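Note sheet for the following structure.
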Amino acid sequence: MTKPSSQPASPAPASGEESGPGAHRAGAVLLFGASGTIGQAVARALVAAGYRVVCVLRRPADAELPERCELRLADATDAAAIERDAFAGESFDAVISCLASRTGTAADAWKVDYAANKAVLEAARRHGVPHMVLLSAICVQRPLLAFQHAKLAFEKELRESGLTWTIVRPTAFFKSLSGQLSRVAAGKPFLLFGNGELTRCKPISDGDLARYIVQCLDDPARHNRVLPIGGSGPAISPREQGELLFKLTGKPPRYRSVPVGMFSVAATVLGALGKLSRRAAEKAEYARIARYYATQSMLVLDPATGEYSEGATPESGSETLRDHYARMLAEMP
């Protein structure tokens with residue numbers, strides 16, 4: 001990774017000029033959340049598109065980033081550090097935030113999903129940044145959890161900021177649907193909530209999502225809009241994910257059903273204990289989060305019917321979940 005630099009952005013290419021590694025666009029982009037898998041993918045996509053990319057990290061070893069990325073160290077939960085160390089007196093053509101709380105608990109969500117993003121937004125306004133792109137989540141359509149309310153609160157701040165804004169709400173990530181790959185490969189049963197058909201999603205790869213986010217910078221049709229986005233192919237249920245893994249591993253299909261009600265019981269009991277213990281309160285929120293994802297589809301919600309719609313969920317990219325599973329299995333020892 002290169003050292004921080006304050007050199008001006010490169011000039012824009014002529015109309016129709018191809019961009020890619022080594023190409024240049026009129027744009028210097030400040031990227032927050034570059035340590036996460038999506039953030040790292042966005043950094044690679046920005047470099048490939050020819051942008052000057054400055055990545056903000058808490059620690060230098062937090063991510064593997066392209067050499068052309070500039071690195072600035074700052075704690076995104078510290079507004080003074082964002083101003084002093086991230087912006088460092090410089091303006092940018094755009095800010096992209098992939099910041100997200102790691103736990104989803106109320107304290108963490110309001111500290112990161114809301115307050116950290118708000119500090120970034122306020123610094124961007126002070127430095128004359130014209131455009132901010134936010135990575136949000138499609139689950140905020142039906143907000144029942146603390147982190148969803150925190151995300152929505154910041155989305156409102158961004159929409160009312162006076163900046164050009166873009167809010168990207170992806171469906172499930174490939175990574176989030178890969179937790180049982182090693183279980184199935186080892187001959188263990190695939191775990192289902194209920195019958196495995198309670199929810200559906202259109203998962204999107206890190207690379208396809210990153211390219212979609214980067215394209216938001218130059219596409220006026222994606223400005224000042226909330227954009228739900230899924231990956232290539234039809235929606236898939238958890239049972240169908242299991243079927244796919246059994247086919248790829250050559251293992252006989254074996255399923256084990258887990259009752260969704262267990263999360264409700266856990267959330268109720270831990271919620272009562274949470275009045276006396278912060279640890280119990282956090283565990284109660286984890287149970288509520290688990291119940292949410294076990295019962296809610298990651299698709300566009302039709303406000304008229306209250307139902308999730310596969311047809312209304314846009315697609316982007318070409319990578320499929322099957323490709324991802326096959327690649328992971330090929331890389332297993």
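The values are calculated or read from the model by the stated rules, or taken from the named source; none is laboratory data. Treat the numbers as computed from the prediction; the structure is a model and nothing was measured. All Cβ positions, glycine included, derive from the backbone under ideal geometry; neighbour counts span all protein chains shown.
Quick notes on this structure:
- Neighbours by Cβ (under 9 Å, 6+ apart or cross-chain): first from region 216-245, farther than 30 Å from T164 by Cβ; second β-branched (V, I, T) and assigned to a helix (DSSP H, G or I): G242/V184; L245/V184
- Counting only residues that are more than 15 Å from the chain's Cα centre (by Cα), touching a residue at least 40 places away in the same chain (Cβ under 8 Å) and crowded, with 24+ Cβ neighbours inside 10 Å, region 28-54 holds 5 of them.
- Residue match in region 288-300 (condition: more than 21 Å from A106 (Cα to Cα) and assigned to a loop (DSSP other than H, G, I, E, B)): yes
- Filter result for L163 (crowded, with 18+ Cβ neighbours inside 10 Å and either under 16 Å from E240 (Cα atoms) or in contact with a strand residue (DSSP E or B) (Cβ under 8 Å, 6 or more places away or on another chain) (or both)): yes
- Of the set (1) of a type in the set (G, A, S); (2) on the phi < 0 side of the Ramachandran plot; (3) without any contact (Cβ under 8 Å) to a residue 60 or more places away in the chain, all apply to G306 but (2).
- Of the residues making up region 217-249, just one is over 21 Å from F174 (Cα atoms), assigned to a loop (DSSP other than H, G, I, E, B) and out of contact with any helix residue (DSSP H, G or I) (no Cβ under 9 Å at 6 or more places or on another chain), namely D219.
- Odd one out for D113, checked against (1) buried (at least 23 other Cβ atoms within 10 Å of the Cβ); (2) in contact with a strand residue (DSSP E or B) (Cβ under 8 Å, 6 or more places away or on another chain); (3) not β-branched (V, I, T): (2)
- For region 177-187, the set of residues classified as part of a loop (DSSP other than H, G, I, E, B) and crowded, with 20+ Cβ neighbours inside 10 Å is empty.
- Single residue of F174, F190 found to be crowded, with 19+ Cβ neighbours inside 10 Å, touching a residue at least 60 places away in the same chain (Cβ under 8 Å) and closer than 23 Å to A137 by Cβ: F174
- Remark: pairs (first residue in region 86-109, over 20 Å from L158 (Cα atoms); second residue in a loop (DSSP other than H, G, I, E, B) and of a type outside the set (K, R); Cβ separation under 6 Å; 6+ apart in sequence or on different chains) = E90/S6.
- Conditions (1) more than 28 Å from P234 (Cα to Cα); (2) exposed (fewer than 14 other Cβ atoms within 10 Å of the Cβ); (3) touching a residue at least 12 places away in the same chain (Cβ under 8 Å): number failed by P259: (1)
- Of the residues making up region 8-30, none is of a type in the set (A, V, I, L, M), under 30 Å from Y292 (Cβ atoms) and either part of a loop (DSSP other than H, G, I, E, B) or at pLDDT 90 or above (or both).
- Scanning region 67-111 for residues that are over 22 Å from V129 (Cα atoms) and part of a helix (DSSP H, G or I) yields A106, A107, D108, A109, W110, K111.
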